[in-house]
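*Asks:* Quick one: the structure is below, and I'll ask about it shortly.
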Amino acid sequence: MQADLLPLFPLDLVLLPHNRLPLRIFEPRYQEMIGEAIRNDSEFGVVLATENGVSHLGCSARVVEVTQRHPDGRFDILAIGVRRFEIVLLNQEKDYLRASVQFFDDDDPAPAPILAREQALTAFQVLAATEGLDVETPHPDAPQLSFLLARAVPEIRFRQLLLSLRSEAARVRHLAEFLPFYAARQQRIAHVKQVAPRNGSGQSKPEL
């Protein structure tokens, strides 16, 4: 049995480095897995669960706080994304998946051009205001700014793309292009939700 296998938590989300992840742990197999991670202050891997299995790319996480314990054995945790990895080989010897993984970082660690960073930051602020997100705007010079900005975007496919890119400049460029489009879409959705209750009162539907 390999001691360096990374325990995996398949979820319907994509975790990114520096992103927070609140979880309620209720299945016994994951109570065992997370309990061991807490005792050993070790990492576990978060991978996107799909109908075909799990994604080959993921992000490790570390528990920073047990926020609540319930009488029935369930407990709530707050974890944070740490390192990206690629699965080399899956192991199913335990009730939960483990894997031999290869951790990776950026091949190109150079920061994005300042204009792209400013565009992405502006769109992030608009989106945060639209969604009512209680998130602090990161500093333009923050390391791996892209992952901090992506906190505001739950879109799975876009987050998985950011996870795979090994260039900070490329990630920021994608965010600078995607965030304004996404913020505008969320504003339209918020507007529709705001006016929809009035549509049943005999008033004409608004033009969108």
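*Asks:* Taking the Cα centre of each part, how many Å lie between the stretch 1-58 and the stretch 67-136?
*Replies:* Taking the Cα centre of the stretch 67-136 as reference, the centre of the stretch 1-58 is 12 Å away.
*Asks:* Amide H neighbours of residue 97 under 5 Å, counting only residues 5+ apart in sequence or on other chains, H built in-plane at 1.01 Å?
*Replies:* Under 5 Å from the amide H of residue 97: 8.
*Asks:* How large is the dipole of the stretch 6-104 about the Cα centre if only Lys and Arg carry +1 and Asp and Glu carry -1, each at its Cβ, rounded to the nearest 20 debye?
*Replies:* With Lys and Arg at +1 and Asp and Glu at -1, about 220 debye.
*Asks:* When a/c reaches 1.5 or more, the comparison of a/b and b/c decides; with that in mind, is the stretch 114-196 rounded, prolate or oblate per its Cα gyration tensor?
*Replies:* The shape class here is prolate.
*Asks:* Between residue 79 and residues 5 or more places away or on another chain, which pairs have amide H atoms under 5 Å apart, with H built 1.01 Å from N, and which residues are they?
*Replies:* Amide H to amide H, under 5 Å and 5 or more residues apart or across chains, residue 79 pairs with 21, 23, 64.
*Asks:* Still on this structure, please answer the following. As an exercise, identify the trypsin sites (Lys or Arg not before Pro) in the stretch 42-94 lying in DSSP coil whose Cβ has no more than 14 other Cβ atoms within 10 Å.
*Replies:* Counting only loop positions with at most 14 other Cβ atoms within 10 Å, the trypsin sites (Lys or Arg not before Pro) in the stretch 42-94 are 74, 94.
*Asks:* While we're here: Using a/c under 1.5 as the rounded threshold, could you call the chain rounded, prolate or oblate? The axes a ≥ b ≥ c are square roots of the C-alpha gyration tensor eigenvalues, and prolate needs a/b larger than b/c, oblate otherwise. Present the calculation step by step, with values, prior to reporting the outcome.
*Replies:* Details: a/c = 2.19, a/b = 1.42, b/c = 1.55.
Oblate shape, in that a/c is at least 1.5 and b/c is the bigger or equal ratio.
*Asks:* Determine the relative contact order of the stretch 114-196: mean sequence separation of Cα pairs under 8 Å and six or more apart, normalised by residue count, in whole percent.
*Replies:* Relative contact order of the stretch 114-196: 42 percent.
*Asks:* Another question, if that's okay. Step through the residues of the stretch 98-103 one at a time and calculate ³J(HN,Hα) from phi using the Karplus curve (6.51 cos²θ - 1.76 cosθ + 1.60, θ = phi - 60°), rounding each to whole Hz and writing x for Gly and Pro.
*Replies:* Result, rounded to whole Hz: 10, 8, 7, 10, 10, 6.
*Asks:* Rounded to the nearest 20 debye, what is the charge dipole size of the chain about its Cα centre when +1 sits on each Lys and Arg Cβ and -1 on each Asp and Glu Cβ? Walk me through the numbers on the way to the answer.
*Replies:* Details: 23 positive and 27 negative charges, 147 e Å.
With only Lys, Arg, Asp and Glu charged at Cβ, the dipole is about 700 debye.
*Asks:* Please compute the net charge surrounding residue 171, taking Lys and Arg as +1 and Asp and Glu as -1 over other residues with Cβ under 12 Å from its Cβ.
*Replies:* Value of the local net charge: +1.
Rule-based calculations on the coordinates, nothing more; no lab input. Just so it is clear, the structure is predicted and the values come from calculations on it, not from any experiment. We place every Cβ from the backbone using ideal geometry, glycine too, and count neighbours over all the protein chains shown.
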